[in-house]
1. State whether one or more residues within the stretch 123-130 are more than 12 Å from the chain's Cα centre (by Cα) and within 13 Å of Phe61 (Cα to Cα).
2. Check Ile31 against each of (1) more than 17 Å from Phe176 (Cα to Cα); (2) modelled with pLDDT of 80 or more and name the one condition it does not meet.
3. Is it the case that some residue within the stretch 34-45 is under 18 Å from Arg147 (Cα atoms) and surrounded by 15 or more Cβ atoms within 10 Å (Cβ to Cβ)?
4. How many residues does the stretch 71-111 contain that are closer than 22 Å to Pro54 by Cα and either touching a residue at least 40 places away in the same chain (Cβ under 8 Å) or within 18 Å of the chain's Cα centre (by Cα) (or both)?
5. In this structure, is Ile53 at pLDDT below 85 and either among the β-branched types (Val, Ile, Thr) or within 15 Å of Glu138 (Cα to Cα) (or both)?
6. Just for the stretch 46-105: of the residues that are of a type in the set (Gly, Ala, Ser) and surrounded by fewer than 16 Cβ atoms within 10 Å (Cβ to Cβ), which one is farthest from Val170 (Cα to Cα)?
7. Give me the pairs: first residue in the stretch 112-129 and without any contact (Cβ under 8 Å) to a residue 24 or more places away in the chain and buried (at least 16 other Cβ atoms within 10 Å of the Cβ), second residue assigned to a loop (DSSP other than H, G, I, E, B) and acidic (Asp, Glu), beta-carbon distance under 8 Å, and six or more apart or on different chains, which are they?
Amino acid sequence: MRNSTTPSVNAGSMADIAFLLLIFFLVTSMIPNNKGIARNLPQACPPGADCNIPIKKNNLFTIHVNETGEIMANETRTTVGQLKEELKKFIDNNADKTCIYCKGEQLAEASDNPKKASISLSIHREAPYQSFITVQDEIEKAYFELRETYVSEVLKKDVSTITDAELKKVQEAYPFRIIEPSQQQ
């Protein structure tokens, strides 16, 4: 047998190359930036002030989502498809007849006017996350459609052309009032 040697690879620089590749991919890769649900939170209650404002029963639309994702709107089982229309009827009701731009049915059991309408949303702790997002989306759609109608019929403009002052007026006409109590066990 001849003098045989086993071939070998110099692995000393292999670690350096792996380290450089790791740094390269860390620097060049994009890290996702999830923004969550856009929501303007209310101002903090000033010290010494009573911020618990009583809400009449007819001005409160309650939405409960149970652990299986089923939706109860004002103690009645409903579907996601029906929720937006029920919300719009409730918000735009005008039971006290003070709202000149409202087109509601003026039912005594629904909201007095959009400025007094509040939505209570309670989600069971075990409810699917998609149910929460879907209900939030339906609430947003209901308000968007009511505000869009206000812009086109009262302000007589297209939504894309309103000014900041007009936007504030629209938001005051249909204020987004949602209450999210603590999670249920």
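1. no
2. (2)
3. No, because not a single residue in the stretch 34-45 is under 18 Å from Arg147 (Cα atoms) and surrounded by 15 or more Cβ atoms within 10 Å (Cβ to Cβ).
4. Of the residues in the stretch 71-111, 8 are closer than 22 Å to Pro54 by Cα and either touching a residue at least 40 places away in the same chain (Cβ under 8 Å) or within 18 Å of the chain's Cα centre (by Cα) (or both).
5. Spelling it out, Ile53 is indeed at pLDDT below 85 and either among the β-branched types (Val, Ile, Thr) or within 15 Å of Glu138 (Cα to Cα) (or both).
6. Ranking the candidates gives Gly48 first.
7. Qualifying pairs under 8 Å: Asn113/Asp96.
Every residue, every condition in (1) touching a residue at least 24 places away in the same chain (Cβ under 8 Å); (2) within 29 Å of Ala73 (Cα to Cα); (3) assigned to a helix (DSSP H, G or I), yes or no:
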position: Ile139; (1), (2), (3): yes, yes, yes
position: Ala142; (1), (2), (3): yes, yes, yes
position: Arg147; (1), (2), (3): yes, yes, yes
position: Glu166; (1), (2), (3): no, no, yes
position: Val170; (1), (2), (3): no, yes, yes
position: Phe176; (1), (2), (3): yes, yes, no
position: Pro181; (1), (2), (3): yes, yes, no
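The values are calculated or read from the model by the stated rules, or taken from the named source; none is laboratory data. These numbers come from a predicted model, not from an experiment. Ideal geometry is used to build each Cβ from the backbone, glycine not excepted, and the neighbour counts take in all protein chains shown.
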